[in-house]
Amino acid sequence: MAENERYPLGQEIFEDLIGRNKFALLLLALIVVTALATVWITAQTRLLTAEQGKLVKANRKLENQYIHLQLEENSASRENRISAFATKAELQSIKKEQEVILLEKK
């Protein structure tokens, strides 16, 4: 080899990687793909966890509304039963002039 001639090191490295170390190159590619997949799955998991938290909160709110609606329905049905009984027994509401307030002295 002459003194002024340069050795093509880059070409030799490339040929070595492609020619002799195909298995190592394949493993490197698989490691990179696996790492990217892990990062993507972790990000998706975090997004889904946040969405699940929002859905759980909305579910609790709906459950509370349902309970309040049941209570309202029960109290409305009681009032209807009382009104029906009062009508059947011919009871009437007390007028303001008919009210008598008793005070107890100590």
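Out of the residues in segment 1-23 that are surrounded by fewer than 10 Cβ atoms within 10 Å (Cβ to Cβ) and of a type in the set (D, E), state the one that is modelled with the highest pLDDT. I'd like the intermediate steps shown before the answer.
Step one: list which residues in segment 1-23 are surrounded by fewer than 10 Cβ atoms within 10 Å (Cβ to Cβ), which gives 1-7, 9-11, 19, 23.
Now narrow it down to the ones that are of a type in the set (D, E): 3, 5.
Values: E3: 65, E5: 75.
This residue is E5.
Of the residues A29, A43, which single one is under 30 Å from L17 (Cβ atoms) and at pLDDT 85 or above? I'd like the intermediate steps shown before the answer.
Details: A43 fails: under 30 Å from L17 (Cβ atoms).
Exactly one residue qualifies, and that residue is A29.
Checking the conditions here, which among I67, I101 is part of a loop (DSSP other than H, G, I, E, B) and either touching a Leu at 6+ places or on another chain (Cβ under 8 Å) or modelled with pLDDT of 80 or more (or both)? Spell out the reasoning first.
Working: I67 fails: part of a loop (DSSP other than H, G, I, E, B).
The match here is I101.
Out of L30, L91, L26, I need the residue that is surrounded by 10 or more Cβ atoms within 10 Å (Cβ to Cβ) and outside any helix (DSSP H, G or I). Which one?
Numbers: L30 fails: outside any helix (DSSP H, G or I); L26 fails: outside any helix (DSSP H, G or I).
Every option except L91 fails the conditions.
The values are calculated or read from the model by the stated rules, or taken from the named source; none is laboratory data. The structure displayed is predicted, hence computed values, not measured ones. All Cβ positions, even for glycine, are placed from backbone atoms using ideal geometry, and neighbour counts span all protein chains on display.
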